[in-house]
Every structure is written in C-alpha cells, then in structure tokens.
1. Does residue 298 satisfy the condition of being surrounded by 19 or more Cβ atoms within 10 Å (Cβ to Cβ) and either in the same structural domain as residue 424 (by TED's automatic domain parsing) or not in a helix (DSSP H, G or I) (or both)?
2. Tell me yes or no: at least one residue of the stretch 88-108 is over 30 Å from residue 160 (Cβ atoms) and touching a residue at least 40 places away in the same chain (Cβ under 8 Å).
3. Collect the residues in the stretch 384-407 that are surrounded by fewer than 20 Cβ atoms within 10 Å (Cβ to Cβ), modelled with pLDDT of 85 or more and farther than 30 Å from residue 12 by Cβ, keeping them in residue-number order.
4. For the stretch 50-128, please list each of the strands (runs of 3 or more DSSP E) lying entirely inside it that holds at least 2 residues being surrounded by fewer than 19 Cβ atoms within 10 Å (Cβ to Cβ) and in the same structural domain as residue 166 (by TED's automatic domain parsing).
5. Could you please let me know if residue 288 is surrounded by 15 or more Cβ atoms within 10 Å (Cβ to Cβ) and either on the phi > 0 side of the Ramachandran plot or modelled with pLDDT of 90 or more (or both)?
6. Let me spell it out: the conditions are (1) in contact with a strand residue (DSSP E or B) (Cβ under 6 Å, 6 or more places away or on another chain); (2) loosely packed, with under 15 Cβ neighbours inside 10 Å, and residue 548 meets all of them except one. Which number is the exception?
7. Pick from 354, 381: which is under 16 Å from the mean Cα position of the chain (by Cα) and surrounded by 15 or more Cβ atoms within 10 Å (Cβ to Cβ)?
C-alpha cells in the first residue's frame, strides 16, 4: 500500500449511495465498442500502463475501518481482462449474448476494497472483430477522465504495437487533489454557502416525482428520453449565447430553473448542477484522471417582472462566484442551509468532452467503432444531461419508479418550447414565458368547464386543490385578463398566506375579513385563509366605512387580509389588525403538514 487519504465530497456521496444500493448497479459506467485487428499483448500492456500512470486506478475504498471513509492506493494491481470466444455463434446469438453480458456485468458490481474498480471483457466475434466492454465504478472516474484515459490507451497501444518504449512520465497522483481541497479556508467556505442560500426556507422538489423519503437514495432502473435540437435550432442557441455573452450551459440552466419554478410554484428555485472541480492552479489538471467533478446547488429567485437577459446574467454570475467554493460536499451545504429534507431532486450535467472527439483526432492503429455508453451515475429521480456537439442533445434520465414516459415527454416538450421562446426573443420578460400555447390553454379551460366530476363529498376543497396542485402544478389554474397563474403558483402563494396567519396567532374557525379588488390575489387570499383553518368574510370595498365596521363587529372578525396597500385607509379600516398579502410573500413561517401543506 502506497497511500491512504480521505475522499472528496462527491466520492463520499457516491460511496454512501453505492453501499445503500447493494448490487443494483449504482454508479456504474460502461463503455462498449467494436475493436478490429487486436494484438492481445499490446492491448493488455496498454491497460497495465494506465494503472501505473494514475494512482486513482489502483485505489480501494474502506468505509468501516476508521471514523471517516478512506481510499487506499496500492503499489501494484493488475487489470482484469476476460476473453470469451464467440466465433462459433450466429450473429443474432452474438448480439443477444452481448446484451446479456453487458447487463450482467453492470449489476455484478465491485468489491470497493479491491483495486482496480474497473474491468474489461473481450468478446471475440470473428477473426478480426472483438466487442470490448469496459466497466468502471464512478468512484474513480468522472466524465472528463474517460476521454483522457481513452486517448492515453490508444497512444500506448500504438507504441507497443510498433515496438516503441512507453513514456511513463510523472505519475498522476489523485492524492494531490485531496491535499489541495483539504487546505481550503473552511470558515470562508461556510460563510459563502450560508449567504448564497440565505432565505431559501425549503427545497425545490418536483411534485409529480413522489414524496417518498428514499427517492434520492440508491439507484434502480433508469430510462432516458432525448431532445435532439436540429442544426437550425442549435445554430440559434449558439448565436443567442454569443450575442449575449453567456454560455450554452447558462441558457439551459435558465430554462430548467424556470420550469422548476412553474412545476413547484416556488419562486425560490434550487436544483443540482455538476461542476468540473478541476482547480486551474493544480499542475496538469486537464490531463489528470479521477473523481474531480462535484454536485452543487444552483439557486435563483424568480421575479416575473425581471428581464430575461438580466436574470440569465445573474445565474451566470452566481455560478462564477461559486467556482471558488466548488469543492464543498453537498452534505455540508445541506447542513449549513438549515433545510430539512432534500434540497432538490433534479440535477443538470453539462458534457463537453465526449470520447468521440478522441477517436476522430487521427487514424488510430486500433480501430474503434460502434461505441455505446451506459451509465447509472445518479441517484436523483430526474437528471438532465446536455451534450454539445454539432447538434445539441438534451437527455432526460429518470427513475421509472417515480416518473413515467408521458411525464418525461411533457417535460421535454416544455423544455423545447421555453428554449425556443428565449432564443427567438419572444419572451423579453420572465412573465412572457409560456409552457403552453394560447390555444392549448383555451382547450384546457374548455375541457375544465365541460367536465362533470363526481368526487368524494367527504373531502374538503383544500384536499381537492392539493391533489390537483400535486398532480399538475404547471397547468393554468387562474386566468384574469392577460395574467395566468398555475396550480403550483397558487399552491405556493396560498401556503404563504396560511403560514403567515398561523404565525400571527390565527386559530381554527376564526373569521378573517378579506379586503380585495378583483384579481389573482383575491383567490390566493381566499384559499390561504381556508388553508389556515379559518373562514374568510368578504368585505365589499364599495361599502361605506360605517357599514364595513358594522360587518366586522357583527361577524366577530379578528383580522383583515388585504391585497392592495391603499385599501385599509381608503375603506376607513386602518385601525384594525390588517395583514397585507405582500407581507405573506416574505413570511418565513412554514405551514404545518406534509407535502403541499394544509391543516
């Protein structure tokens, strides 16, 4: 054994989820391809060269020896290479066998204490064709490392076939990175993340992804759907980001932030993003191999009156500021945030260095083709992977237990529509963005008007509303003139009104006056009062003050909720205990209950 050191923040998270999953294929990466005219001695020698070059490939992981988990670097390990001769099988039998082998190898898992946490299967299909299946654990490699390793492998193979010596060079020691992040200023780090998430209150969870406590633990069966942007749209994306001096990553982050806002109804949006984690002042960092990436929260607030570009610029500026502290573990950030439960249940990853770039650099002696990549490297119900090539691809990777194909198709459609509105300039302000076209909104409203629903009469209006807000938070609940409000937004606004009333001592059955002009806020206030367990009493603003005071005294109204700052004085009621709906929007109180709240 050469070295023992701690784990990076993301390694700790991966280790936890890998142990939790217990053989379900958690955090396994698999690259499968056809190789031609293989020389076995050079093939095995190239893998052995990689093991000598990179200490992380010789590392095992121990979680039950010391108080904290550690990784141990061994002096010498050998690459497991399994060779199977399938030349006697027919083509269909070979293809079926390949699928079975890949599936079995992914779920075989690894003994995390035994290095290396990777292996190769070579399935010989003909005299000159092999199927190579390279399976690795995500504990030792991030996405950037895979093309680096593949390039070094092909180069080493070339030299060995030609009888040339290998350039061992200076060993790439992953321990250098662990030592680097161990020397950071912990006090500044904590201060930054506390300030970054100040006032967040709660996480941003997809309401249709379920509420089970283990939905972000372990990895079970995943499926994926891909949104492929054609060359015209990809060109529009590139032109937009270049013209406004933002990155493609920032643009896509903005699209997803806005959708999370509409789905959850929460103006304070938070979801996960991956960052490279490769410090510029660490020598040779671009060619190092290991787990450098990290998962961090992206936080933004939605103000619909804000200009789209100023909002996107604020997202980019926030991400740039966070880069100084991008090595912090998510578990620590979660603790510092003070949020109970998950911060988020969706993650966005940006991939900009695919293996295909390495293969296309030149004509390699080892011919590689028909490459496929299988990954189970996430534990969230939904992960969005951005792949920027000649055509931008947006992959939606989801847990089958919590999301279904129709929901993902819906999300994919919303993502494409919002992206189009941004790059086309249709939406100058955040309030201009629409997930549905006007005709689709009208159709939904017409369907709603025409449906005769037989529902459980024992359930309250709050129960029925919460169910609808949970199932379809993005759909339009209220229309007033040109304004639109979704079920999610109505849910969030009314919860805040209810929480504010409860924090002011309102009891079940209390009568609350409602002083409001016609508009969205009137419905938000009505539902909020009911969710607090109280009863609302409408106060007609056209009545004279004397009549309103009589109604208040006669009905035993304890407090008044108003929707416009001018109303209490204009109606002669400023002497009463009045609560502004605007005050509820900044209320830090939390509505008791599970899920969408309620009493």
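The values are calculated or read from the model by the stated rules, or taken from the named source; none is laboratory data. It should be emphasised that the depicted structure is a prediction, and the values quoted were computed from it without experimental measurement. Cβ atoms come from the backbone with ideal geometry, glycine included; neighbour counts cover every protein chain shown.
1. Answer is yes for this residue.
2. Among the residues of the stretch 88-108, at least one is over 30 Å from residue 160 (Cβ atoms) and touching a residue at least 40 places away in the same chain (Cβ under 8 Å), which makes the answer yes.
3. Selection gives 391, 393, 404, 405, 406, 407.
4. Output list reads 70-73, 81-85, 118-124.
5. Yes; evaluated as a whole, the condition is true for this residue.
6. (2)
7. Among 354, 381, only 381 is under 16 Å from the mean Cα position of the chain (by Cα) and surrounded by 15 or more Cβ atoms within 10 Å (Cβ to Cβ).
Matching residues to (1) outside any strand (DSSP E or B); (2) under 13 Å from the mean Cα position of the chain (by Cα); (3) farther than 15 Å from residue 348 by Cβ:
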{"residue": "250", "(1), (2), (3)": "yes, no, no"}
{"residue": "263", "(1), (2), (3)": "yes, no, no"}
{"residue": "270", "(1), (2), (3)": "no, yes, no"}
{"residue": "283", "(1), (2), (3)": "yes, no, yes"}
